[in-house]
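Below is one structure, written out as structure tokens; the observations come after it.
None of the figures in this text is laboratory data; all of them are computed from the coordinates on show. It should be emphasised that the depicted structure is a prediction, and the values quoted were computed from it without experimental measurement. Here Cβ is always computed from backbone atoms with ideal geometry, including for glycine, and neighbour counts include all displayed protein chains.
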Amino acid sequence: QKEVEQNSGPLSVPEGAIASLNCTYSDRVSQSFFWYRQYSGKSPELIMSIYSNGDKEDGRFTAQLNKASQYVSLLIRDSQPSDSATYLCAVRGNQGGKLIFGQGTELSVKP
Amino acid sequence: DVKVTQSSRYLVKRTGEKVFLECVQDMDHENMFWYRQDPGLGLRLIYFSYDVKMKEKGDIPEGYSVSREKKERFSLILESASTNQTSMYLCASSLRQGREKLFFGSGTQLSVL
């Protein structure tokens, strides 16, 4: 089992819809969870971080964390074509500051 | 803004060559990382460093070494390049241990023929 798993996609949603990106992790003691966005040909950039159970909202983005189910998700409301990118889930394990990345989910928002 | 600079955007090398990938950050970050990114595999950590002259193995260190002689510079070395090391290599830095916001360089696409 991979330490951090995501559906590779592609996930296709129409403009204006809600895009839901999911991530599961295997290490129960993980404490910190992150979503990075990577445009094609570019480097990843941090868009959301979440540390406690529940929801965290930032503009059109909402991160949701459920530690009991070892599940973290990213919701993008009112999706725009400019949101088309690969979204990488990252989890900090229980050893120092190493981040473990999932393989990424490719999102395509169709006009 | 933090700037992480990788010396080459594209690099073509031959099997058996020794390859140096250079990375420089300009924000006095303590932590530096080298990842490789392959389709379907995401980002995999090769080596990281929390301080000058300090290095720790990541998840896939075999065939690689690193050097951090100065705080701002972190070099990845492929001792004898092989075709399975053809990949996108990303350098990243973060402020200090426990601060997980990584700032990435623009990447080096390495092809080993």
Taking every eigenvalue of the Cα gyration tensor of chain A, multiplying by 5 and rooting it, what semi-axes result, largest first, whole Å? 23, 15, 12
When a footprinting reagent is the concern and you count Cβ atoms within 10 Å, what order do A:V72, A:V4 take, fewest first? A:V4, A:V72
Mind checking which lysines have their Cα closer than 29 Å to the Cα of A:K67? Skip sequence neighbours fewer than 8 apart in that chain. A:K2, A:K56, A:K98, B:K57, B:K101
In the range B:31-67, which residues have a backbone nitrogen under 11 Å from the label point lying 7 Å from B:S82's Cα in the Cα-to-Cβ direction? B:62-64
Once the mean of 1/r over all distinct C-alpha pairs in the range B:55-113 is inverted, the Kirkwood radius in Å reads 13.0 Å
Mean shadow of chain B, computed from the convex hull of its alpha carbons, in nm²? 6.5 nm²
Under 10 Å, Cα contacts only: if you run a Gaussian network model on chain A, which one of A:G54, A:G93, A:G41 comes out with the highest mean-square fluctuation? A:G41
Distance in nm between pseudo-label sites at A:Q31 and B:R9 (7 Å out along the Cβ direction from Cα): 4.0 nm
Ranked B:E17, B:E69, criterion: other C-beta atoms within 10 Å, fewest first: B:E69, B:E17
Between B:S111 and A:E45, what's the calculated FRET efficiency when r is the beta-carbon distance and R0 is 30 Å? Round to 0.05. 0.75
Placing one equal point scatterer on each C-alpha of the protein assembly as shown and summing with Debye, one gets log10 I(q)/I(0) at q = 0.08, 0.09, 0.10 Å⁻¹ equal to -0.29, -0.37, -0.45
Tell me, A:E45, A:E106 in order of fewest to most beta-carbon neighbours within 10 Å? A:E45, A:E106
